1. Using a Gaussian network model on chain A with a 10 Å cutoff between Cα atoms, which of A:L194, A:L48, A:L75 fluctuates the most?
2. With viscosity set to 0.692 mPa s at 37 °C, what whole-number translational diffusion coefficient in µm²/s follows for chain B from Stokes-Einstein and a Kirkwood radius over Cα pairs?
3. Kirkwood Rh, Cα Rg: Rg to Rh for segment C:137-275?
4. Restricting to bridges with both residues inside the protein assembly as shown, how much of the DSSP beta-bridge set is antiparallel, in percent to the nearest 5?
5. Among B:I103, C:I221, B:I346, A:I232, which comes first, then next, by fewest other beta-carbon atoms within 10 Å?
6. Can you grab the distance from the C-alpha centre of segment B:281-344 to the C-alpha centre of segment C:198-258, Å, no decimals?
7. Restricting the calculation to Cα positions, tell me the Rg (one decimal) and the Dmax (whole number) of segment A:76-279 in Å.
8. Scaled to the compact-protein estimate 2.2 N^0.38 Å, what is the alpha-carbon radius of gyration of the protein assembly as shown, rounded to two decimal places?
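Derivation of every value follows stated rules applied to the coordinates shown; laboratory data play no part. The shown structure was predicted, so the numbers you read here are calculated from the model rather than taken from an experiment. Glycine also receives a Cβ, built like all others from the backbone with ideal geometry; neighbour counts cover every protein chain displayed.
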Amino acid sequence: MTTAPAQASPAAYGSSHRRRKRTLMAAAGALVGFAFLAPYLVMVLDSLRTSSDVKSTPPSILPRVWQWDTYAQVLGDERFLNWLKTSLIVASGSTVIVVLVAVPAAFMTARHRFPGRAAFLLLVLVTQMFAPTALVVGLYRQFFELNMVNTYGALIITNAAFNLAFAIWILHGFFASIPLEVEEAAALDGATRLQILRRVMLPLTLPGLVTATIFTFIAAWNEYVVALTLMIDDDRKPLTVGMRAYVTGYEQHWDQLFAASVIAVVPVVILFAIIEKHLVGGLTAGSLK
Amino acid sequence: MRSMKTSAAIAGMALAGLVLAACGGGTGAGNTPDNTVGGGAETKTIKLVAAEYSKDNTKAFWDAFAKTYKEKTGYSLEVQIISWDNLDQQSSTMIQNNQAPDILNLNAYASYAKDGLLYSSDEVLPESVKSDILPTFVKYGTYQGKFYGFPDLSSARAFFYNTDLFTEAGIANPPKTWAELEDAAKKITGLGSGNVGYALPLGPEESQGEFSMWLFNNGGTWKDQGKWTINSPQNVETLTFLKKLADQKLTQNNPARTNRADAFDLFKSGKAGMIIGFSPLAAALDEDGKVKYAVAPFPTNDGSESKTFGVTDYLMAFKKPGNSNQAAVKAFYELYYQKDQINTWIKSEGFLPVTQSGIEEFRSDEKLKVYLDTLPNAQLTPTDDPTWDRVKLAVQQNLGRAMTGDPKAVLDELQQTAESAS
Amino acid sequence: MLRGGRVGSVHPLVALLWLAPALALILGVVLYPAIKLFGASRSEYSITGLRRGDAGWDNYAKVLEHPSLGTVLANTVTWVVAVVAVTILLGLALAQFLVKQFPGRRYVRWAVIVPWAASLIITSQLFVLLYDYNYGIINHLLINVGLIDTPIDFLGDDSWTMFSMVVVGVFVSLPFTIFVFIAGLNAIPDDVLEAATVDGASPWQRYRRITLPLLRPALMIATVLNVIYVFNSFPIVYTLNDRNPGYLHDTTITFMYKLAFKSQEKDVGMSAAAGIFNVLLILAVVLIYLRIINWREETSR
């Protein structure tokens, strides 16, 4: 829910000024939107032309010959559907785990004192700095010893672990900013810690939760290096890794690669569209003030 | 307090359960008990890591092969296909973790032989197969007197030229000497509208390949009788010639930063007059049908007989404790080198055979005549020397510098790298 | 940020229960491989990847003596500073714009999310195509408009490479930065701003005195996160430099990868040592930054 600005009465002075301003802003908005979309529009256009047309000099913005069946080809490709399935499983799984794990941890560190609290927060911060790329060999060895190479679980756990720090950090901030009175009021009513968390605090941290969710989902959806190393069977590869098969040193199908890429972007944008209003909904609505 | 602890405990267990359930969602491709048990227990399943030559054919072949292998020998074959641009990283990771496969398909073998990781032909290759493999490939697959690098397929580079551009530029015949090549390049570049005389890829992907074809055809070598000859006068002359082409703008922009795929793209879009290509390029051109091209022997500096540059990849076998996989591996090679297996696959991928019997079988294809005749005399890069694995990487990263620097200095440096790494 | 304070102290074991899953994941999946990495950095590996024995600190010495180290470090600094600075400034401006009401705002926000939704690999490959000398749309448009005569070699020309990399870096970092700022801006209560307007403060004064200070947490988060992500960003640097030999434009993270798999060294041990350096470097940067922030917070109280 977006905060509504004070509405001027229709007959007020400057309504045409306001209208012009909003039109200008809408135009500026369109420009900004276009700037962000431009490269991907090229990608969409490239998915609708032949592979050799993608690499032709001089380049033409619009396809010389429109080719419409690439999307059908890709969606009908069983390998592609497997990759899509894997990506969905891994990204959803990681996100669920991150939320389930980060919420209790952030709640505890943000609002309670205990020995080791500072150490834990430092640990969280430090692990933020580790990139999976650097650790991939160690990860492979570890999962091999656990007989978990090539499993969805390995990717889910890895993505969850590497995104956990961010989630804890964000949620920590939100939990910490909730006024004391809110919690004390609930405690006075006899609620247990868990109940306080669930009924009172969690709703107030909704934007933080949503942020953590979308960050983790996107990170897991687009993860490449670890998936590349851990997933061996072609039908267990996520989209990022699997799609590379369309363009190799020996044969290139740029049209299919780009069609697949376009399709890969869609779930993320949908997820975002659904939760966007919670993402930016302010804390000002309805809390104890 | 107590109820809270209970709920937390329950939550913790639920989480653990979730994680374990996710783990169960797949079979680990790790330890197969047979593989790692030493002490003489014979392995029934072996693992192959193969390179992906093409999306359509590679997996199809190996899957069918695995089925036949099981039927004929009773052993099982686990197949893992990895694309070329990750194969190095993946295989290195596997070896770091002591998880080398039983058979690895790679473009180098000597360093692995040097590390004592491989079976030699005495141990796993039937004698009939060894005598059928082309002697030049046996030679380059031999390290310290033992044959380790078994070739899976081969390719030979050839000189491709765009017949339409040649006609347009008034060039009647493909060049036979380098002077003629330079001349042809001038004429084609002179046509304008983005046409490039010769597409020269000296980028880090495979500059050693491009340079090999050139230096062989000026009487040069990488190594001669055990000594590195990288900075020989002929090679310096060759590299200087290439620099001359680039300086005169007879090549595409920035050859030092152009990889093979980019050069091929240029040729495929009809903008390059000449290029060094191989059979996958021919296949792509035929499929597109847009560019009219022909293949000719590569021009030599002085017009003498053209030398062919050949390349093979390897299917090498890793020793396991107690030689537990030796029987299964031997059965693998027996089956692989049978005519209907290896040659069928090579044909579908569009490459060249590695056996005498293969050459006979491929003779029926007219288009391959030019390759098949010269294949037995093909020159290869010194893959039988483990140092080459390092030198190759150094060449890839440094050769292009000659385009904007001093060819002799670059080759001197590479010579030094080779000598100090030996 | 209003600190709610802590409701009370808890027994460490209780705290442990709440933290246990997080600890398990972090220790098990992040720290354990890191320890393995350290172990690898003190081992000697052959070119095939086979471990040959202990190497003490040799790998670290080799990394420090590597001729390209200076270039790589300089590149890393330039890369991180340029991308983060531009992203923060541009992101703040765009966020300010996107919290205002105007028709179609929702769709613009959706458009902004796309560079983030698309994987870095895809975006990088896309830009390689866009920047291409022969097939690139960018050169095509610039020539058609008459701004240049011959194409610019965005990736192969050493004077352009870093710029081309930074553009892509900013492009993919903007979306989440903008949303962090939007969330931050939305958290600023309207009544505070209204009160300031009533008091006669100009928009700039309102911005400087109220908005920016209240945005501090968001700014801090955005900066630290961007520094970490950009520093660790592998696909962009690697893909855009795919045709460039040597280490001329590499940052520490691609340097580390190439040492292991692509370079003439092809040395896993050396790469692991570089990886440890990598971590220490970013650790130092972030800790220093936080020190500065905390310090100011203390003195402003």
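1. Judging by the Gaussian network model, the answer is A:L194.
2. My calculation gives 139 µm²/s for D.
3. We get a ratio of 1.17 for segment C:137-275.
4. In the protein assembly as shown, approximately 60 percent of DSSP beta bridges are antiparallel ones.
5. Result, fewest neighbours first: A:I232, C:I221, B:I346, B:I103.
6. 48 Å
7. Considering segment A:76-279 through its Cα atoms, Rg and Dmax are 19.7, 70 Å.
8. Normalised Rg, Cα atoms only: 1.01.
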